[in-house]
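Undergrad: The structure that follows is given in the form of C-alpha coordinates.
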Amino acid sequence: MNKSISILAGSFIFASGINAQDGKIEKFKKHQISEPLVTEIHTADPSAHVFDGKIYIYPSHDVNEGKVYDSPGGAFRMVDYHVFSIDKVGAEVTDHGPVLHVDDVPWATKQMWAPDAAEKEGKYYLYFPAKDHLDLFRIGVAVGDSPTGPFKAQPDAIKGSYSIDPSVFKDDDGSHYMYFGGIDGGQLQHYRGNKFGVHYRFPDENKPALLPRIAKMSDNMLEFAGPAKEVQIIDKNGELLKGSDGAKRFFEAAWVHKYKGTYYFSYSTGGTHLICYATGDNPYGPFTYQGIVLKPVLGWTNHHSICEFEGKWYLFYHDSILSNGNTNLRSIKMTELKHDAEGKIMTIDAYGGVLPKK
Ligand code: FUB
(Lines give C-alpha, C1' and ligand atoms only; values in the text may rest on other atoms or scores of the structure.)
Protein backbone atom coordinates (compact mmCIF):
# COMPACT_ATOMS: atom_id res chain seq x y z
CA MET A 1 0.00 0.00 0.00
CA ASN A 2 1.30 3.43 -0.88
CA LYS A 3 2.37 5.42 2.16
CA SER A 4 -0.01 8.22 1.28
CA ILE A 5 -2.96 5.85 1.40
CA SER A 6 -2.33 4.64 4.93
CA ILE A 7 -1.99 8.14 6.33
CA LEU A 8 -5.36 9.09 4.89
CA ALA A 9 -7.18 6.08 6.23
CA GLY A 10 -8.14 7.49 9.61
CA SER A 11 -11.28 7.47 11.64
CA PHE A 12 -13.95 9.92 10.58
CA ILE A 13 -17.01 10.30 12.67
CA PHE A 14 -20.10 11.86 11.22
CA ALA A 15 -21.88 13.56 14.06
CA SER A 16 -24.96 15.42 12.85
CA GLY A 17 -25.17 19.17 12.49
CA ILE A 18 -28.75 18.76 13.51
CA ASN A 19 -29.60 15.30 14.67
CA ALA A 20 -32.71 13.52 13.48
CA GLN A 21 -32.55 10.93 16.23
CA ASP A 22 -34.53 13.07 18.61
CA GLY A 23 -37.84 12.42 16.87
CA LYS A 24 -38.19 15.94 15.55
CA ILE A 25 -38.17 15.03 11.87
CA GLU A 26 -41.85 15.85 11.42
CA LYS A 27 -41.26 19.30 12.90
CA PHE A 28 -38.36 19.87 10.52
CA LYS A 29 -40.65 18.95 7.65
CA LYS A 30 -43.37 21.26 8.90
CA HIS A 31 -41.09 24.26 9.41
CA GLN A 32 -38.65 23.88 6.49
CA ILE A 33 -38.52 27.12 4.53
CA SER A 34 -38.01 25.29 1.22
CA GLU A 35 -38.94 21.91 -0.18
CA PRO A 36 -36.34 19.71 -1.90
CA LEU A 37 -35.91 20.75 -5.55
CA VAL A 38 -35.33 17.15 -6.63
CA THR A 39 -37.07 14.12 -5.16
CA GLU A 40 -36.34 11.33 -7.66
CA ILE A 41 -32.70 11.02 -6.67
CA HIS A 42 -30.55 12.38 -3.83
CA THR A 43 -28.53 15.50 -4.62
CA ALA A 44 -26.14 17.68 -2.62
CA ASP A 45 -23.57 20.49 -2.81
CA PRO A 46 -25.54 22.57 -5.33
CA SER A 47 -23.46 24.92 -7.48
CA ALA A 48 -25.86 27.24 -9.30
CA HIS A 49 -25.21 29.53 -12.25
CA VAL A 50 -27.32 31.49 -14.67
CA PHE A 51 -26.46 30.67 -18.28
CA ASP A 52 -28.57 32.10 -21.13
CA GLY A 53 -31.28 33.31 -18.75
CA LYS A 54 -31.85 29.98 -16.99
CA ILE A 55 -30.64 28.65 -13.64
CA TYR A 56 -28.45 25.56 -14.00
CA ILE A 57 -27.56 23.52 -10.93
CA TYR A 58 -24.52 21.24 -10.75
CA PRO A 59 -24.84 19.09 -7.62
CA SER A 60 -23.25 15.96 -6.26
CA HIS A 61 -25.38 12.84 -6.81
CA ASP A 62 -25.66 11.01 -3.49
CA VAL A 63 -26.04 7.24 -3.63
CA ASN A 64 -27.18 4.72 -1.09
CA GLU A 65 -24.13 2.49 -1.01
CA GLY A 66 -24.33 1.72 2.67
CA LYS A 67 -22.02 3.22 5.23
CA VAL A 68 -18.57 2.15 4.09
CA TYR A 69 -16.07 4.16 6.09
CA ASP A 70 -12.99 3.09 4.12
CA SER A 71 -11.38 6.51 4.55
CA PRO A 72 -12.37 9.88 5.96
CA GLY A 73 -15.62 10.74 4.21
CA GLY A 74 -15.49 7.33 2.52
CA ALA A 75 -19.25 6.79 2.80
CA PHE A 76 -19.75 9.47 0.14
CA ARG A 77 -19.22 7.08 -2.77
CA MET A 78 -20.73 9.07 -5.60
CA VAL A 79 -20.01 7.93 -9.18
CA ASP A 80 -21.66 10.46 -11.49
CA TYR A 81 -23.24 13.87 -11.97
CA HIS A 82 -26.65 15.05 -13.18
CA VAL A 83 -27.41 18.63 -14.27
CA PHE A 84 -30.68 20.36 -13.39
CA SER A 85 -32.28 23.54 -14.76
CA ILE A 86 -35.05 25.91 -13.73
CA ASP A 87 -36.67 28.48 -16.06
CA LYS A 88 -38.39 30.48 -13.34
CA VAL A 89 -38.16 30.43 -9.57
CA GLY A 90 -40.85 28.06 -8.32
CA ALA A 91 -41.19 26.35 -11.72
CA GLU A 92 -40.60 22.66 -12.33
CA VAL A 93 -36.99 21.49 -12.13
CA THR A 94 -35.69 19.62 -15.19
CA ASP A 95 -33.28 16.73 -14.68
CA HIS A 96 -31.01 16.58 -17.73
CA GLY A 97 -29.79 13.15 -16.69
CA PRO A 98 -26.29 11.81 -16.11
CA VAL A 99 -23.63 13.98 -17.78
CA LEU A 100 -20.38 12.45 -16.54
CA HIS A 101 -19.52 9.10 -14.91
CA VAL A 102 -16.35 8.21 -13.03
CA ASP A 103 -15.75 5.34 -15.51
CA ASP A 104 -15.36 7.98 -18.23
CA VAL A 105 -12.67 9.90 -16.37
CA PRO A 106 -9.31 8.30 -17.21
CA TRP A 107 -7.48 9.44 -14.06
CA ALA A 108 -10.29 9.05 -11.47
CA THR A 109 -11.24 5.98 -9.46
CA LYS A 110 -14.03 7.02 -7.09
CA GLN A 111 -15.84 9.64 -5.03
CA MET A 112 -17.11 12.26 -7.46
CA TRP A 113 -17.67 15.02 -4.90
CA ALA A 114 -18.96 18.59 -5.11
CA PRO A 115 -18.63 19.97 -8.68
CA ASP A 116 -19.03 23.36 -10.30
CA ALA A 117 -19.34 24.68 -13.85
CA ALA A 118 -18.30 27.70 -15.90
CA GLU A 119 -18.96 29.05 -19.37
CA LYS A 120 -16.54 30.74 -21.73
CA GLU A 121 -17.09 31.60 -25.38
CA GLY A 122 -19.88 29.07 -25.86
CA LYS A 123 -18.07 26.15 -24.19
CA TYR A 124 -19.05 24.77 -20.81
CA TYR A 125 -16.61 23.40 -18.27
CA LEU A 126 -17.55 20.98 -15.51
CA TYR A 127 -15.01 21.00 -12.68
CA PHE A 128 -15.06 18.11 -10.22
CA PRO A 129 -12.97 16.47 -7.51
CA ALA A 130 -12.39 12.73 -7.43
CA LYS A 131 -9.84 10.32 -6.00
CA ASP A 132 -7.01 9.09 -8.19
CA HIS A 133 -5.32 5.67 -8.06
CA LEU A 134 -3.36 6.75 -4.94
CA ASP A 135 -6.60 7.71 -3.15
CA LEU A 136 -5.62 11.34 -3.38
CA PHE A 137 -8.24 13.88 -4.36
CA ARG A 138 -7.46 15.83 -7.52
CA ILE A 139 -9.61 18.23 -9.51
CA GLY A 140 -10.60 17.45 -13.05
CA VAL A 141 -12.36 19.25 -15.86
CA ALA A 142 -14.73 17.98 -18.52
CA VAL A 143 -15.84 20.03 -21.53
CA GLY A 144 -19.22 20.31 -23.26
CA ASP A 145 -21.02 22.38 -25.88
CA SER A 146 -24.07 23.03 -23.74
CA PRO A 147 -24.71 23.74 -20.03
CA THR A 148 -26.31 20.32 -19.81
CA GLY A 149 -23.41 18.46 -21.34
CA PRO A 150 -22.61 15.75 -22.06
CA PHE A 151 -19.13 16.56 -20.80
CA LYS A 152 -15.92 14.89 -21.98
CA ALA A 153 -13.25 14.59 -19.34
CA GLN A 154 -9.69 15.69 -19.98
CA PRO A 155 -7.25 12.74 -19.80
CA ASP A 156 -5.51 14.07 -16.69
CA ALA A 157 -6.47 15.99 -13.58
CA ILE A 158 -5.62 19.69 -13.59
CA LYS A 159 -1.88 20.00 -12.96
CA GLY A 160 -1.21 21.42 -9.51
CA SER A 161 -4.73 20.66 -8.25
CA TYR A 162 -5.49 18.79 -5.04
CA SER A 163 -8.18 18.42 -2.37
CA ILE A 164 -11.88 19.03 -3.13
CA ASP A 165 -14.78 21.40 -3.72
CA PRO A 166 -13.76 23.46 -6.76
CA SER A 167 -15.86 26.52 -7.42
CA VAL A 168 -15.19 28.84 -10.32
CA PHE A 169 -15.95 32.55 -10.10
CA LYS A 170 -16.13 34.74 -13.22
CA ASP A 171 -15.13 38.33 -12.55
CA ASP A 172 -16.51 41.31 -14.45
CA ASP A 173 -13.40 41.48 -16.67
CA GLY A 174 -14.01 37.90 -17.86
CA SER A 175 -11.22 36.32 -15.74
CA HIS A 176 -12.08 33.03 -14.05
CA TYR A 177 -10.72 31.97 -10.67
CA MET A 178 -10.99 28.55 -9.05
CA TYR A 179 -11.37 28.34 -5.27
CA PHE A 180 -10.86 24.92 -3.75
CA GLY A 181 -9.96 22.94 -0.64
CA GLY A 182 -11.60 20.89 2.05
CA ILE A 183 -10.39 19.56 5.38
CA ASP A 184 -10.44 16.05 6.85
CA GLY A 185 -12.02 13.84 4.13
CA GLY A 186 -10.99 16.58 1.67
CA GLN A 187 -7.30 16.02 2.59
CA LEU A 188 -6.26 19.70 2.77
CA GLN A 189 -4.51 19.08 6.10
CA HIS A 190 -1.93 17.01 4.21
CA TYR A 191 -0.72 20.02 2.18
CA ARG A 192 1.54 22.93 3.04
CA GLY A 193 1.55 25.47 0.28
CA ASN A 194 0.93 23.21 -2.70
CA LYS A 195 3.04 20.29 -1.47
CA PHE A 196 1.63 16.99 -0.20
CA GLY A 197 3.32 15.47 2.84
CA VAL A 198 2.28 12.30 4.63
CA HIS A 199 3.47 13.89 7.86
CA TYR A 200 1.46 17.11 7.46
CA ARG A 201 -1.49 17.17 9.84
CA PHE A 202 -3.77 19.76 11.42
CA PRO A 203 -1.90 22.77 12.81
CA ASP A 204 -2.17 23.49 16.54
CA GLU A 205 -5.47 25.04 17.52
CA ASN A 206 -3.76 28.27 18.58
CA LYS A 207 -2.09 28.63 15.18
CA PRO A 208 -3.68 30.06 12.00
CA ALA A 209 -6.27 27.68 10.59
CA LEU A 210 -5.78 25.87 7.29
CA LEU A 211 -6.65 28.10 4.35
CA PRO A 212 -8.61 27.55 1.14
CA ARG A 213 -6.82 27.96 -2.17
CA ILE A 214 -7.31 30.08 -5.28
CA ALA A 215 -5.88 29.71 -8.77
CA LYS A 216 -6.57 31.87 -11.78
CA MET A 217 -7.70 29.75 -14.73
CA SER A 218 -5.73 29.73 -17.97
CA ASP A 219 -7.32 31.21 -21.09
CA ASN A 220 -8.42 27.76 -22.27
CA MET A 221 -10.06 27.04 -18.85
CA LEU A 222 -8.29 23.67 -18.65
CA GLU A 223 -5.31 24.55 -16.45
CA PHE A 224 -4.26 26.81 -13.61
CA ALA A 225 -2.55 29.91 -14.99
CA GLY A 226 -0.04 29.70 -12.11
CA PRO A 227 0.47 27.93 -8.81
CA ALA A 228 -2.47 27.99 -6.38
CA LYS A 229 -2.25 30.54 -3.56
CA GLU A 230 -3.71 30.53 -0.07
CA VAL A 231 -6.81 32.66 0.57
CA GLN A 232 -6.50 34.50 3.86
CA ILE A 233 -9.55 34.85 6.10
CA ILE A 234 -8.94 37.43 8.80
CA ASP A 235 -10.79 38.92 11.74
CA LYS A 236 -11.64 42.61 12.20
CA ASN A 237 -8.14 43.18 13.67
CA GLY A 238 -6.47 41.80 10.56
CA GLU A 239 -5.40 38.55 12.30
CA LEU A 240 -5.77 35.22 10.52
CA LEU A 241 -8.54 33.08 12.02
CA LYS A 242 -7.14 30.30 14.19
CA GLY A 243 -7.90 26.60 14.41
CA SER A 244 -9.65 27.34 17.70
CA ASP A 245 -12.11 29.67 15.89
CA GLY A 246 -14.11 26.56 15.02
CA ALA A 247 -17.35 28.41 14.28
CA LYS A 248 -15.63 30.86 11.94
CA ARG A 249 -12.65 29.25 10.24
CA PHE A 250 -12.74 27.61 6.79
CA PHE A 251 -13.45 23.89 6.42
CA GLU A 252 -14.80 23.31 2.85
CA ALA A 253 -17.34 24.50 0.23
CA ALA A 254 -15.74 27.78 -0.89
CA TRP A 255 -17.92 30.04 -3.03
CA VAL A 256 -17.51 33.63 -4.23
CA HIS A 257 -20.14 36.10 -5.40
CA LYS A 258 -19.76 39.79 -6.10
CA TYR A 259 -22.31 42.26 -4.80
CA LYS A 260 -22.03 45.99 -5.42
CA GLY A 261 -18.30 45.70 -6.15
CA THR A 262 -17.47 43.66 -3.01
CA TYR A 263 -16.24 40.06 -3.19
CA TYR A 264 -18.11 37.75 -0.79
CA PHE A 265 -16.20 34.59 0.08
CA SER A 266 -18.55 32.07 1.73
CA TYR A 267 -17.71 28.61 3.07
CA SER A 268 -18.66 25.80 5.42
CA THR A 269 -17.15 25.56 8.90
CA GLY A 270 -17.42 21.74 8.90
CA GLY A 271 -17.90 20.39 12.42
CA THR A 272 -19.72 23.53 13.56
CA HIS A 273 -22.04 23.13 10.55
CA LEU A 274 -22.34 26.78 9.53
CA ILE A 275 -22.07 28.59 6.22
CA CYS A 276 -20.13 31.76 7.02
CA TYR A 277 -18.87 34.60 4.87
CA ALA A 278 -16.05 37.09 4.70
CA THR A 279 -15.60 40.06 2.36
CA GLY A 280 -12.74 41.54 0.37
CA ASP A 281 -11.98 44.01 -2.38
CA ASN A 282 -10.41 41.60 -4.89
CA PRO A 283 -10.70 37.90 -5.81
CA TYR A 284 -7.53 36.89 -3.92
CA GLY A 285 -8.49 38.40 -0.58
CA PRO A 286 -7.70 38.79 2.21
CA PHE A 287 -11.33 38.40 3.23
CA THR A 288 -12.55 39.76 6.53
CA TYR A 289 -14.94 37.56 8.49
CA GLN A 290 -18.46 39.03 8.62
CA GLY A 291 -20.98 36.50 9.88
CA ILE A 292 -23.27 33.57 9.22
CA VAL A 293 -25.13 32.96 5.96
CA LEU A 294 -26.87 29.70 6.91
CA LYS A 295 -27.35 27.99 10.27
CA PRO A 296 -26.87 24.20 10.60
CA VAL A 297 -29.13 22.00 8.50
CA LEU A 298 -30.37 18.48 9.10
CA GLY A 299 -27.37 16.21 8.39
CA TRP A 300 -23.64 16.75 9.02
CA THR A 301 -22.57 18.65 5.92
CA ASN A 302 -23.57 22.17 5.01
CA HIS A 303 -22.67 23.24 1.46
CA HIS A 304 -24.11 26.01 -0.64
CA SER A 305 -23.82 28.40 -3.57
CA ILE A 306 -25.14 31.91 -4.10
CA CYS A 307 -26.29 33.42 -7.38
CA GLU A 308 -28.36 36.27 -8.78
CA PHE A 309 -31.36 35.63 -10.98
CA GLU A 310 -33.69 38.27 -12.38
CA GLY A 311 -32.60 40.89 -9.85
CA LYS A 312 -32.85 38.73 -6.71
CA TRP A 313 -30.20 36.70 -4.94
CA TYR A 314 -30.65 33.04 -4.04
CA LEU A 315 -28.97 30.62 -1.68
CA PHE A 316 -28.75 27.02 -2.90
CA TYR A 317 -28.12 24.51 -0.12
CA HIS A 318 -28.99 20.98 0.92
CA ASP A 319 -30.32 19.05 3.86
CA SER A 320 -31.27 15.47 4.70
CA ILE A 321 -35.01 15.91 5.30
CA LEU A 322 -36.05 13.70 2.40
CA SER A 323 -33.99 10.78 3.72
CA ASN A 324 -35.19 11.33 7.30
CA GLY A 325 -31.79 12.59 8.40
CA ASN A 326 -29.34 10.32 6.55
CA THR A 327 -26.21 12.47 6.20
CA ASN A 328 -25.15 10.59 3.07
CA LEU A 329 -28.47 11.11 1.28
CA ARG A 330 -29.10 14.80 0.86
CA SER A 331 -31.45 16.96 -1.21
CA ILE A 332 -30.83 20.33 -2.82
CA LYS A 333 -32.99 23.34 -2.00
CA MET A 334 -33.08 27.05 -2.74
CA THR A 335 -34.29 30.14 -0.92
CA GLU A 336 -33.97 33.88 -1.37
CA LEU A 337 -30.89 35.51 0.17
CA LYS A 338 -30.93 39.17 1.15
CA HIS A 339 -28.14 41.70 1.61
CA ASP A 340 -29.15 44.50 3.98
CA ALA A 341 -28.59 48.20 3.29
CA GLU A 342 -24.96 47.90 4.44
CA GLY A 343 -24.36 44.83 2.31
CA LYS A 344 -24.46 42.37 5.22
CA ILE A 345 -26.02 39.01 4.40
CA MET A 346 -29.13 38.34 6.47
CA THR A 347 -28.66 34.99 8.25
CA ILE A 348 -30.93 32.20 7.05
CA ASP A 349 -32.41 29.48 9.27
CA ALA A 350 -33.62 26.65 7.04
CA TYR A 351 -36.33 25.80 9.58
CA GLY A 352 -37.72 29.28 10.11
CA GLY A 353 -35.97 29.85 13.42
CA VAL A 354 -38.36 27.44 15.10
CA LEU A 355 -35.98 24.55 15.53
CA PRO A 356 -33.92 23.20 17.04
CA LYS A 357 -31.63 23.34 20.00
CA LYS A 358 -29.35 20.30 19.86
O1 FUB B 1 -20.53 15.69 -1.06
C2 FUB B 1 -19.28 15.26 -0.61
C3 FUB B 1 -18.64 16.28 0.25
O4 FUB B 1 -19.49 16.57 1.37
C5 FUB B 1 -18.45 17.65 -0.39
O6 FUB B 1 -17.40 17.68 -1.31
C7 FUB B 1 -18.28 18.46 0.82
O8 FUB B 1 -18.34 19.84 0.61
C9 FUB B 1 -19.42 17.95 1.68
O10 FUB B 1 -20.65 18.54 1.36
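Undergrad: Which residue fluctuates the most in the chain, going by a Gaussian network model with Cα springs under 10 Å, if the choices are 330, 249, 201?
TA: Maximum among the listed residues: 201.
Undergrad: Once ligands and nucleic acids are excluded and a 1.4 Å probe is used, how much of residue 334 is accessible, expressed in Å² to the nearest 10?
TA: Counting only protein heavy atoms, the figure is 20 Å².
Undergrad: Could you tell me the number of lysine pairs in segment 82-214 with C-alpha atoms less than 22 Å from each other, where the two lysines are 8 or more residues apart or belong to different chains?
TA: 16
Undergrad: Convex hull over the Cα atoms of the chain, averaged projected area in nm²? Intermediate values should be presented prior to the final figure.
TA: On the way: hull surface 67.0 nm².
Over every viewing direction, the Cα hull of the chain projects on average to 16.7 nm².
Undergrad: Using a 1.4 Å probe on the protein chains only, how many percent of the accessible area of the chain belongs to carbon and sulfur? Mind dumping the intermediate values first?
TA: Working: 7150 of 14790 Å².
So the carbon and sulfur contribution to the accessible surface is 48 percent.
Undergrad: In the chain, if the dipole is taken from +1 on Lys/Arg beta carbons and -1 on Asp/Glu beta carbons about the Cα centre, which of 243, 49, 134 is farthest to the positive end?
TA: Checked the options; the winner is 243.
Undergrad: Does segment 32-185 classify as rounded, prolate or oblate by the C-alpha gyration tensor (a ≥ b ≥ c root eigenvalues; a/c under 1.5 gives rounded; else a/b over b/c gives prolate, otherwise oblate)?
TA: On the way: a/c = 1.69, a/b = 1.17, b/c = 1.45.
Since a/c reaches 1.5 but b/c is at least a/b, the shape of segment 32-185 is classed as oblate.
Undergrad: Tell me the accessible surface of residue 68 in square angstrom (1.4 angstrom probe, heavy atoms of protein chains only), to the nearest ten.
TA: Approximately 60 Å² of residue 68 is accessible to the 1.4 Å probe.
Undergrad: Separate question: Can you tell me the mean projection area, over all orientations, of the convex hull of segment 98-230's alpha carbons? Units nm², please.
TA: Values: hull surface 33.3 nm².
It is 8.3 nm².
Undergrad: Right, something else. Once you have the Cα-Cα distance between residue 204 and residue 88, take 0.36 nm times their residue separation minus that, and quote the gain in nm to one decimal. The partial results should precede the final answer.
TA: Values: separation 116, 0.36 × 116 = 41.76 nm, distance 4.75 nm.
Using 0.36 nm per residue and subtracting the Cα-Cα distance, I get 37.0 nm.
Undergrad: Per residue, how much accessible area does segment 25-337 show when a 1.4 Å probe rolls over the protein heavy atoms, in square angstrom? Mind showing how you got there, number by number?
TA: Values: 11930 Å² over 313 residues.
Accessible area per residue, segment 25-337: 38 Å².
Undergrad: Would you mind classifying segment 267-343 by shape? Square roots of the alpha carbon gyration tensor eigenvalues, ordered a ≥ b ≥ c; an a/c under 1.5 is rounded, otherwise it is prolate if a/b is larger than b/c and oblate if not.
TA: Values: a/c = 2.52, a/b = 1.53, b/c = 1.64.
In terms of gyration-tensor shape, oblate.
Undergrad: Of the residues 328, 220, 237, which exhibits the maximal mean-square fluctuation in a Gaussian network model of the chain defined by a 10 Å Cα contact cut-off?
TA: Residue with maximal mean-square fluctuation among 328, 220, 237: 237.
Undergrad: Something else about it: Which one, 283, 208, 129, has the greatest fluctuation when you compute a Gaussian network model over the chain with C-alpha springs under 10 angstrom?
TA: Of the options given, 208 has the highest mean-square fluctuation.
Undergrad: In deg cm²/dmol and to the nearest 500, what is the mean residue ellipticity at 222 nm of the chain if only DSSP H runs of at least 4 residues count, each as -39500 (n - 2.57), divided by the residue total? Before the final figure, lay out each step's value.
TA: Numbers: 2 runs with 13 residues, N = 358.
Value at 222 nm, helices only: -1000 deg cm²/dmol.
Undergrad: I would also like to ask the following. Placing unit charges on C-beta atoms (Lys and Arg positive, Asp and Glu negative, everything else neutral), compute the dipole magnitude of the chain about its Cα centre in debye, rounded to 20. Intermediate values should be presented prior to the final figure.
TA: Numbers: 38 positive and 44 negative charges, 209 e Å.
For this selection, approximately 1000 debye.
The values are calculated or read from the model by the stated rules, or taken from the named source; none is laboratory data. Not measured: the values here are computed from a predicted model. When we count neighbours, we look across all protein chains shown, and the Cβ atoms used for this are built from the backbone with ideal geometry, even at glycine. What goes into the accessible areas is simple: the full protein's heavy atoms, side chains included, and nothing from ligands, DNA or RNA. Shrake-Rupley method; radii C 1.70, N 1.55, O 1.52, S 1.80 Å.
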